[in-house]
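Read-outs throughout are calculated quantities, based only on the coordinates presented, and are distinct from any laboratory measurement. Computed from a predicted structure; not experimentally measured. FYI the Cβ positions are ideal-geometry reconstructions off the backbone, even for glycines, and counts take in every protein chain you see.
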Amino acid sequence: MHTILRSASREVVIGHDQPFCIIGERINPTGRKIFQEQLRANDLSRIHVDVAQQLAGGAMVLDVNMGVPLADEVALMVEAVTLIQSISDVPLCIDSSVIEALEAGLSTYQGKALVNSVTAEDDRMEAILPLVKRFGAAIIALPNDEFEIPLEPERRVELTRKIIDVATNNYGIAMEDILIDPLAMPIGADTSLVVRTLDTIRMIHDEFGLNMTLGASNVSFGMPDRETIVSSFLPMAMRSGLTSAIMDARGAQLVRAMKATDLLLNRDEWGASWIASHRARQAAESA
């Protein structure tokens, strides 16, 4: 099953037979005090740096979140989407919990975007899924509802089934345009949580064949040497059925782990991408 995203001039295909899709996470003010202050002052200059760094690291899609307290998120989203599309040609993931910001971003965007995100809560699906259908976008869906973020994989699969049923039958959204976030939980809180995420990925893959994505850094929260943990987790998740991740593309170790896993899973024909990236790294180091 292929999920196809488009900018005005480029297409990205997410699928189990495709290279792992890296969604760059950095255009997000969460945890970035200086960036928040810049955005409140309507200074979007940092976005130029974030776009360049994420693309240089290998990002194939860019997540765009303008959620800043005490700022006009709707206006910032319009400005950010317009700016990013003027300096890059990769598809975008419009990321907001504010419906008006999602609508503004989608109406501004040129192409087929990814929307981050919707849950299994009835009111959220009623608010967001019509926008996804109207703008012909794809959607990231999280299997939690107003009652719980379930720990058991079986319950996550049950809520995934609910989202699929509502999205496809009530709103006519194609199955391939639904990406499931299997809920990556921090291993620092409970060392059994990542195994449950891997089980969820496997079960969703086996039953639905859907593409999946998640916030890669979530699994390492609260632990030291986080990049090594994520670099170990993602290959296991890829083998279980994960096809993309929202992650910091600046992490060279992490990106190399993804490319190596693509090679080992026969998603890099003749190792062309692996060899090309190795030569590019050698050239950069020599320079």
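Structure above, values below:
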{"item": "About the Cα centre, charge dipole magnitude for the chain (Lys/Arg +1, Asp/Glu -1 at Cβ), debye", "result": "920"}
{"item": "Charge dipole (the range 1-130, unit charges on Cβ, about Cα centre) - positive-most of Ala52, Met1, Ile34", "result": "Ala52"}
{"item": "Vicinal HN-Hα couplings computed from phi for the range 228-235 (Karplus, 6.51 cos²θ - 1.76 cosθ + 1.60; Hz; Gly/Pro x)", "result": "5, 4, 5, 5, 8, 5, 4, x"}
{"item": "Likely footprinting exposure, Phe35, Phe221, Phe233, fewest C-beta neighbours within 10 Å first", "result": "Phe221, Phe35, Phe233"}
{"item": "q = 0.09, 0.15, 0.21, 0.22 Å⁻¹: log10 I(q)/I(0) that the Debye formula gives for the range 158-287, counting C-alpha atoms only", "result": "-0.32, -0.79, -1.20, -1.26"}
{"item": "Using θ = phi - 60° and Karplus 6.51 cos²θ - 1.76 cosθ + 1.60, couplings along the range 208-222 (whole Hz; Gly, Pro as x)", "result": "10, x, 6, 6, 9, 9, 6, x, 4, 6, 4, 5, 9, 4, x"}
{"item": "Hull volume in cubic angstrom per residue (convex hull over the Cα atoms of the range 47-188)", "result": "139"}
{"item": "Distant-in-sequence amide H partners of Ser96 (H built 1.01 Å from N, under 5 Å)", "result": "Asn116, Ser117"}
{"item": "Long-range HN-HN contacts of Ala138 with modeled amide H, under 5 Å", "result": "Ala113, Leu114, Val115"}
{"item": "Of every Cα-Cα pair in the chain, the percent that sits beyond 23 Å", "result": "53"}
{"item": "All-pairs alpha carbon distance profile, the range 78-119, 5 Å steps from 0, percent", "result": "5, 26, 36, 22, 9, 2, 0"}
{"item": "Where the Cα pairs of the range 1-93 fall when distances are cut into 5 Å bins, in %", "result": "2, 14, 25, 23, 17, 10, 6, 2, 1"}
{"item": "For the chain: relative contact order, % (alpha-carbon pairs under 8 angstrom, 6 or more apart)", "result": "19"}
